[in-house]
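Here, each number is a calculation from the coordinates, and none is a lab measurement. It should be emphasised that the depicted structure is a prediction, and the values quoted were computed from it without experimental measurement. All Cβ positions, glycine included, derive from the backbone under ideal geometry; neighbour counts span all protein chains shown.
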Amino acid sequence: MVNTTLPMILYQLYFYIFYNSEKNELFLIFIMKIFFIGTVEFSKIALKKLIDLNAQVVGVCAKEKSEFNSDFADLKPLCDKNKI
């Protein structure tokens with residue numbers, strides 16, 4: 001059994017997410033400040049995509065360690081690298 005959760009994004013304005021499952025591509029259209037919450041591998045992929053799109057990520061809330069999530073991903077190195 002895989003225990004996983006999806007990331008949560010808190011934002012100030014509306015935005016649209018389009019996901020192309022055939023090409024594993026995520027498209028975002030927005031003008032906003034983002035506070036990102038997540039602790040799993042998909043969270044890391046989503047946060048990386050937001051950074052690549054030059055989104056204004058103003059903060060990230062994540063765990064240092066998780067016994068619950070089998071696909072846990074540490075977001076701290078990505079945040080440190082991008083000064084978030």
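Rounded, prolate or oblate: pick one for region 8-81, where a ≥ b ≥ c are the square roots of the eigenvalues of its C-alpha gyration tensor, a/c under 1.5 means rounded, and failing that, prolate if a/b is larger than b/c, else oblate. It is oblate, given that a/c is not under 1.5 and a/b is not larger than b/c.
For the pair Tyr16 and Ile37, a Förster radius of 22 Å applied to the C-beta separation gives a FRET efficiency near 0.70, rounded to the nearest 0.05. For the pair Asn82 and Glu64, the difference between a 0.36 nm per residue extended length and the Cα-Cα distance amounts to 4.7 nm.
Highest average first, the peptides 56-63, 76-83, 16-23, 41-48 ordered by how many other beta carbon atoms sit within 10 Å of their residues are 41-48, 56-63, 76-83, 16-23. Computed over neighbours whose Cβ is under 11 Å from that of Glu64, the net charge equals +2, Lys and Arg +1, Asp and Glu -1. Just to confirm a number: summing +1 for Lys and Arg and -1 for Asp and Glu over residues other than Asp74 whose beta-carbon lies under 11 angstrom from that of Asp74, what do you get? Once all neighbours under 11 Å are counted, the net charge is +1.
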